[in-house]
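Structure record follows, encoded as structure tokens.
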Amino acid sequence: MTAPLLLVDGHYLLHRAWYGFATRITSRDKTIDRTGVFGFIALLRKAQVQHAGGFEIFVVFDSEAGSQGRTAVDSDYKAQRPAPEPGLIESLALIKNALDHTGVRWIEQDGCEADDVIATLATAARAEGRAVDIMTTDKDFIQLLADPSVRLLNTDFAMERRYTTSEHVLPRYGVLAEQWPDFRALMGDSADNIRGIRGVGAKTAARLLADGRQLENIPAEELRPAWTAQWAQVLRWREMIKFDTKAAVPDNLLITSSSPPPLRRCPRPHRSWKRCTCGDDQGHGNACFCPGGCGHRAPSKIWR
């Protein structure tokens, strides 16, 4: 049987892991910050246990030059974002190594933003009749909710509020999922440094897009002269916000079967080198965290 699919926004989960712990998790000699990798795998494992048992899990990372295409359209795109903290990006290599050891597949496609790769994989999975969940906090993924078999998962929220589906979009925002790029082009998106039209907020944008309109269908008499002066830019912003569902990714990335189950939790932490009481035959050390994210220790060779 074909498994449903959980697509994970890798950089979102890395940032959540990196900034989500009160204290840093380091190697024994304090030279390597492992907060990112430990938090990433722990959060991913928790999501699998709570929401994605029997799912195929696939993680997607932004490539280093992934935003160049959109930056060529608007040089302000994401220009406001600060440089990452030392160690955060360096955590990616550890995370990818940990994913390999846990059997979770991943991709960082050259020249592509993760958003476009996720949209491409989601579209391909839906063409095969598979249900798709996307683990992210990026609201631009709302545009994919035009398909009722796609859901957004945000595990930051309380359990009853974690999923966003197509039926939530209109009551919450006043527009349909397929109107999302038009909506954001009008009101702007501070996360991506898309300015939008000055003086147009969420309520005004929803009013202009009433009855399922797109930008081209808004009556001229409803637009102020200052807004029409910016209309060419608004149209460009909309194209930037739209996802590319035909990103250049390798064929057969998805395997359609469920990902391996997570390692089960040890009954107690292991303070020294010894045989793990959870039944794993490998020795566990006191400085290396389990790649399954369960909180028990794992062989040092995984991280070194």
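Report the trypsin sites (Lys or Arg not before Pro) located in region 180-241 that are in a DSSP loop and have at most 13 other Cβ atoms inside 10 Å of their Cβ, or state none.
Values: sites: Arg184, Arg195, Arg198, Lys203, Arg207, Arg213, Arg236, Arg238; in loops: Arg195, Arg198, Arg213.
Taking region 180-241 and a limit of 13 other Cβ atoms within 10 Å, the loop trypsin sites (Lys or Arg not before Pro) found are Arg198.
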Within region 78-114, list the residues whose amide N lies under 18 Å from a label point set 7 Å along Cα→Cβ of Ala65. 108-114
Work out the FRET efficiency for Thr245 and Tyr19 from their Cβ-Cβ distance, taking R0 = 22 Å, and round it to the nearest 0.05. 0.10
Could you state the angle between the C-alpha long axis of helix 10-19 and the longest principal axis of the C-alpha atoms of the chain, as a value from 0 to 90 degrees rounded to the nearest 10? 70 degrees
Helix 35-51 sits off the longest principal axis of the Cα atoms of the chain, rounded to the nearest 10 on a 0 to 90 degree scale, by 80 degrees
Who wins for biggest fluctuation among Ile118, Ile197, Ile41 in a Gaussian network model of the chain, springs between alpha carbons below 10 Å? Ile197
Starting from the Cα of Lys246, draw a straight line to each of the aspartates and glutamates and keep only those under 15 Å, dropping any in the same chain fewer than 8 residues away. Asp110, Glu113, Asp115, Asp116
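Considering only DSSP beta bridges with both partners in the chain, what is the antiparallel share in %, to the nearest 5?
Numbers: 7 of 23 bridges.
Bridges in the chain that DSSP calls antiparallel: roughly 30 percent.
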222 nm [θ] for the chain, helices only, -39500 (n - 2.57) per DSSP H run of 4+, per residue, to 500? -9500 deg cm²/dmol
What is the helix-to-structure angle for 114-127, meaning the angle in degrees between its Cα long axis and the longest Cα principal axis of the chain, kept from 0 to 90 and rounded to the nearest 10? 90 degrees
Could you work out how far apart the two model spin labels at His168 and Val73 are, taking each label as a point 7 Å from the Cα in the direction of the beta carbon, and quote it in nm? 2.6 nm
Which of Arg172, Arg16, Arg45 ends up with the largest GNM mean-square fluctuation for the chain, with Cα atoms connected below 10 Å? Arg172
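Output the Kirkwood hydrodynamic radius of the chain, Cα pairs only, in Å rounded to one decimal. Intermediate values should be presented prior to the final figure.
Values: mean 1/r = 0.0476 Å⁻¹.
That comes to 21.0 Å for the chain.
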Estimated inter-spin distance, Lys139 and Ala83, nm [label 7 Å along Cα→Cβ]: 3.1 nm
Subtracting the Cα-Cα distance of Met159 and Asp110 from 0.36 nm times their residue separation yields 14.1 nm
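Quote the FRET efficiency, to the nearest 0.05, computed for Ser149 versus Gln50 with a Förster distance R0 of 25 Å and r equal to the Cβ-Cβ distance. Write out the running numbers ahead of the final one.
Details: r = 20 Å, r/R0 = 0.80.
The computed FRET efficiency comes out at 0.80.
Readers should treat all values here as calculations from the given coordinates under stated rules, not as data from a laboratory. Worth saying up front: this structure is predicted, and the values here are computed from it rather than measured. No Cβ is skipped: glycine too gets one built from the backbone with ideal geometry, and neighbour counts run over all protein chains shown.
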